[in-house]
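As structure tokens, the structure follows; a few thoughts come after it.
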Amino acid sequence: MPLPRLGTRSARLRTAPAVFVVLAVALAGTLLAFSLGVPRHGRAAGAPSAHVVIDVSQSHCGRGWTRPEPGVRTFDLHNSSDGAAEVYLEDPASQAVYGEVEGIGPGTTRQLTVRLGQGTYAFKCVPDDADAVTGPTVHITGGQRGPGAAPVSEHDLIPPALAYQKWVGGGLDQVVRLTTKLKDAIDRGDLTAARSAWLPAHLEYERLGAAYDAFGDADAAVNGTDAGLPGGVHDKDFAGFHRIEYGLWHGEPADGLRAPAAALVKAVTGLRDTWSQTRMDPAQLGLRAHEILENTVQFELTGRTDYGSGSNLATVRANLDGTREVLSRLRPLLTTRYAGLPELRKELDRAGHTLDGFGHGASWTPLDRLTRAQREDVNAVLGGLVERLASVATLCDPRRTV
């Protein structure tokens, strides 16, 4: 089956809701616990091996927890209802969540491993098509419990989403200015100047990483690839930055690039002019913080988006900048919810320092010229960030509380 004809980033972000369900299923109920050092494969050393079976249903939510004790515990959440549900283990007074599992199908059982300590707990069952139900409250004496995270609502995400959307508007102004400069160089036949103008314009667009889904089909006209096109790089529908990149670095004359350059300027101008009427989904902002670098690892570090300029590492650096912009808007929500935020910021700095070492003025080291040690270092620092940002995506996923 051919790949979608949309731009790589558009095609990927259109699958985001489904991807996030998988992400949440894989991480929920474990992410908060694992931040405490609980191993992914099960219980901590010395912890009791017996599992506690908890009923998940509207009529018997939380039933089965008869011996609440401190320490690392694994709960078998059995959905006895006829519909899917998600489950939170929370403090019923503050609603701070200590573990969660999403997408528990009817008749199925999923595990939740958490560290319990001094405090009050209750399971909350949230069926897909019914009101949330809170189970019996239990009290635990002694022990130190893991950190909890207050639930984030869509209302909480509206201010950061609006602030980010305003920033994107300013970024689009810059994209139009730099893309026009690229077009002007092509129009006058100065391909040396055009090659110099191409990268700044492209990087400015790449920094707007969390907005691509809101750009819709227009992104294909701006940043599409030849994936799925019958004619490949010579297909008439191959357009945008990468179409021009291919021509500039494969000896195409200016006459052949004038129309693609004009179309690119028209596309980014259209995005800018309609952006004030566009509405980003606030609920997706945390997911985008994770997805920008996840996509970067998948597409940029593999060289799949290199059409001759050898500038993938510059794009990675721009995507890192874009991730920082999203996180800066989410920081007020994360400060009280994500204990790993200071370490995440250190890792972002480390990644920036690593990548800056491959920039040489206006040129960047191509991927195929990295030494093995350099490649391993880049892969490690970006891979680590993707894992940490998965926590941000989960913590900023709006939860139903009613």
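Observations on the structure shown:
- For segment 174-268, relative contact order (Cα pairs under 8 Å, six or more residues apart, normalised by length) works out to 35 percent.
- Whether segment 117-157 is rounded, prolate or oblate, judged on the alpha carbon gyration tensor where a/c under 1.5 counts as rounded: oblate
- The angle between the Cα long axis of helix 154-187 and the main principal axis of the chain comes to about 10°, on a 0 to 90 degree scale.
- Dividing the summed -39500 (n - 2.57) terms of all DSSP H runs of n ≥ 4 by the residue count of the chain sets its mean residue ellipticity at 222 nm at -15000 deg cm²/dmol.
- Three-way shape call for segment 179-258 based on the alpha-carbon gyration tensor, with the a/c threshold at 1.5: oblate
- Nearest 10 degrees, 0 to 90: helix 372-395 Cα axis against the chain principal axis: 50 degrees
- Short-range pairs are left out: with C-alpha atoms under 8 Å and at least six residues apart, the relative contact order of segment 44-145 is 30 percent.
- Bridging of K266 to lysines at a Cα separation below 26 Å is possible for K166, K181, K183, K236, once same-chain residues fewer than 8 apart are set aside.
- Placing unit charges on the Cβ atoms of the charged side chains and taking the dipole of the chain about its Cα centre, the candidate lying farthest along the positive direction among L355, V176, S153 is L355.
- Taking 4.7 Å between beta carbons as the limit, the unpaired Cys residues of the chain are C396.
- Relative to the longest principal axis of the Cα atoms of the chain, the long axis of helix 191-206 makes an angle of roughly 20 degrees.
- Anisotropy class of segment 217-320 from Cα gyration tensor, a/c 1.5 cut: oblate
- Segment 302-353, dipole about Cα centre (Lys/Arg Cβ +1, Asp/Glu Cβ -1), debye to the nearest 20: 180 debye
- If you sort E252, E387 by accessible surface, 1.4 Å probe, largest first, the order is E387, E252.
- Heavy-atom accessible surface of S311, to the nearest 10 Å², is about 10 Å², with a 1.4 Å probe and all protein chains retained.
- A value for P(r) over Cα pairs in 10 Å bins from 0, in percent was derived from the coordinates, and within the list (i) 5, 23, 31, 24, 12, 4, 0; (ii) 5, 21, 27, 21, 14, 9, 3, 0; (iii) 5, 23, 33, 27, 10, 2, 0, 0 it appears as (ii).
- Alpha carbon centroid spacing (whole Å) that separates segment 75-120 from segment 164-238: 45 Å
- Put a plus charge on the Cβ of each Lys and Arg, a minus charge on the Cβ of each Asp and Glu, and nothing anywhere else: the dipole of segment 204-250 about its Cα centre is then about 120 debye.
- With all protein chains modelled, accessible area of Y246 [1.4 Å, Å²]: 50 Å²
- Per residue, the solvent-accessible area of the chain (1.4 Å probe, heavy atoms of protein chains only, all protein chains present) comes to 44 Å².
- Surface accessible to a 1.4 Å probe, W249 within the full protein complex, Å²: 80 Å²
- The fraction of accessible area contributed by carbon and sulfur in the chain is 53 percent, rounded to a whole number (1.4 Å probe; ligands and nucleic acids excluded).
The values are calculated or read from the model by the stated rules, or taken from the named source; none is laboratory data. These numbers were taken from a predicted model, which means no experiment stands behind them. As a convention, Cβ positions derive from the backbone with ideal geometry for all residues, glycine included, and neighbour counts pool all protein chains shown. With ligands, DNA and RNA removed, areas are computed over all heavy atoms of the protein, side chains included. Shrake-Rupley method; radii C 1.70, N 1.55, O 1.52, S 1.80 Å.
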